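Since every read-out is calculated from the coordinates, none of them should be taken as a lab result. Keep in mind that this is a model prediction, so the values were computed, not measured. Cβ sites come from the backbone with ideal geometry, for glycine too, and all protein chains shown count toward neighbours.
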Amino acid sequence: MTTPQAPSTPDRTWGAAPAPGTPPRAGWSPGKKIAAGAVAAVIVAGGGAAVWAASSSSAATGTAAGPGGMNGGPGGLTGGSGGLGSALHGEYVSSDGNGGYVTKLMQTGEVTELSATSLTAKSDDGFSKTYTITSAQATGLATGDTITVVATESGTTATATSVTEGQTGAQPGGGQGTPPTRTG
């Protein structure tokens with residue numbers, strides 16, 4: 001006894017024209033297009049976040065002068081218009097180097113008050129904050145200097161992990177190089 005077999009169909013190659021008499025396949029609906037775009041955006045954002053996280057390891061050591069520890073260089077985050085280099089103040093989360101995370105504060109502004117143990121900075125938009133500093137961080141600073149502070153906050157006390165003279169977003173040479181940083 002023989003078993004009947006289904007008629008064979010030629011293998012179709014991806015992208016080949018459909019066989020004659022085959023109805024055309026429906027295109028993507030607007031909903032599918034939006035969903036595909038959203039998935040692509042999430043993938044791009046995740047990749048960008050991974051790159052940022054990988055490059056921000058120096059921020060955990062307290063030697064970074066700005067978010068992510070990037071002070072410039074060709075294509076860096078601090079040059080040009082917009083971007084983090086033009087940020088006046090804010091907070092961001094970075095790795096603590098031990099598998100955890102730490103929230104950091106960043107502010108660029110003018111020193112309005114200064115002592116051996118604290119400084120107050122005022123940004124161009126009027127935001128003002130006082131930071132606990134070390135005597136080494138205070139060395140060479142004066143009221144009226146433009147600085148960028150990176151700090152951690154515990155309760156209401158913000159402790160500077162770095163104090164950098166000048167604006168990290170407006171460096172000579174279009175953001176190439178790193179200004180001196182006082183840590184400690």
All aspartates and glutamates inside 12 Å of Lys129 as judged from Cα atoms, apart from same-chain residues fewer than 8 positions distant: Glu110, Glu113, Glu153
Contour minus Cα-Cα distance for Thr13 and Ala136 (0.36 nm per residue): 37.3 nm
Ordering of 101-114, 34-47, 143-156, 17-30 by packing [mean C-beta count within 10 Å, highest first]: 101-114, 143-156, 34-47, 17-30
Full-stretch length increase - Ser86, Ala36 - with 0.36 nm per residue and alpha-carbon distance subtracted: 14.7 nm
